[in-house]
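Every read-out reported here was derived from the displayed coordinates using simple, explicitly stated rules and does not represent laboratory data. Everything numeric in this text was worked out from a predicted model, so none of it was measured. FYI the Cβ positions are ideal-geometry reconstructions off the backbone, even for glycines, and counts take in every protein chain you see.
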Ligand code: UDP
């Protein structure tokens, strides 16, 4: 493989310099982390599934006019993306109470919310990504009021799309996290969906059984994570390419 310049390495992905200015290559690792990296493991095949699933969701969003950083998938673990200036906030949308919101507010997991709730968390590992109010975001300059309005609108469009796509295959989108980046087009700037959308960053519950098909399987030791993600991919018709189920060895000339 040609030597490439590593731009950034995070917990689950690596970013490399892209082939053209304004692009990056995003590589999906098999590493899984939870609780601010206190729990860690390497889960064979997770990166391949997340690369494929993120491609599926992001290209679907692009197709309906919700802008994302996704350009194209390169191979099993890599995709070409637009380089963005990441806004230092995690944007969470919730349809059903779960996780940190249930704990913080004492609302039972599984309680349907009267409307989607959008929350912002500051991306800061040292602080454990604290929940922040819009007032904090404006006062400390993490984003402008215009950015916030655009981020809420983007997040709700992603929620509508993702909820519909998942419901069509019998899965409830409980909540998810996205990251948003700024791109410059001449003098104008625009916010687009960045990072990844995958079962690592969503809560996905089977509509019938309530079975969890997301990273909670890892966080809460509920079973095999790759089996859960494979089930999501299978229902969406998005299985890793190059997987053949030949019944006997085939001679290749
Ligand atoms: N989430 C994420 N990365 C984070 C924190 C949360 O992808 O660093 C996702 C998580 O998978 C869930 C949603 O955001 O789908 C809401 O997470 P929550 O605030 O309940 O935190 P948790 O209890 O999952 O840490």
Rounded if a/c under 1.5, otherwise prolate or oblate - region 31-188, Cα gyration tensor axes: rounded
Fully extended contour minus Cα-Cα distance, from residue 35 to residue 209, at 0.36 nm per residue: 60.0 nm
Region 99-236: relative contact order in percent, alpha carbon pairs under 8 Å with at least 6 residues between: 13 percent
Spacing of the two label points (7 Å from each Cα toward its C-beta) at residue 144 and residue 189, in nm: 0.7 nm
136, 69 arranged by Cβ crowding within 10 Å, fewest neighbours leading: 136, 69
Spin-label zone in region 109-129 - amide nitrogen under 20 Å from a point set 7 Å from the Cα of residue 152 along the C-beta vector: 113-123
Gain on full stretching of the segment that runs from residue 7 to residue 221 - 0.36 nm per residue minus C-alpha separation: 73.8 nm
Packing-based ranking, highest mean first, of 198-206, 149-157, 36-44 given that Cβ atoms within 10 Å are counted: 198-206, 149-157, 36-44
Candidates 195, 216, 160, ranked by Gaussian network fluctuation over the chain, Cα under 10 Å, top entry: 160
Cα principal axis extents for region 2-107, largest first, Å: 51, 35, 25
Highest-fluctuation residue, 187, 129, 175 considered, GNM on the chain with Cα pairs under 10 Å: 187
Separation in nanometres of the label points that stand 7 Å from Cα toward Cβ, at residue 108 and residue 160: 3.2 nm
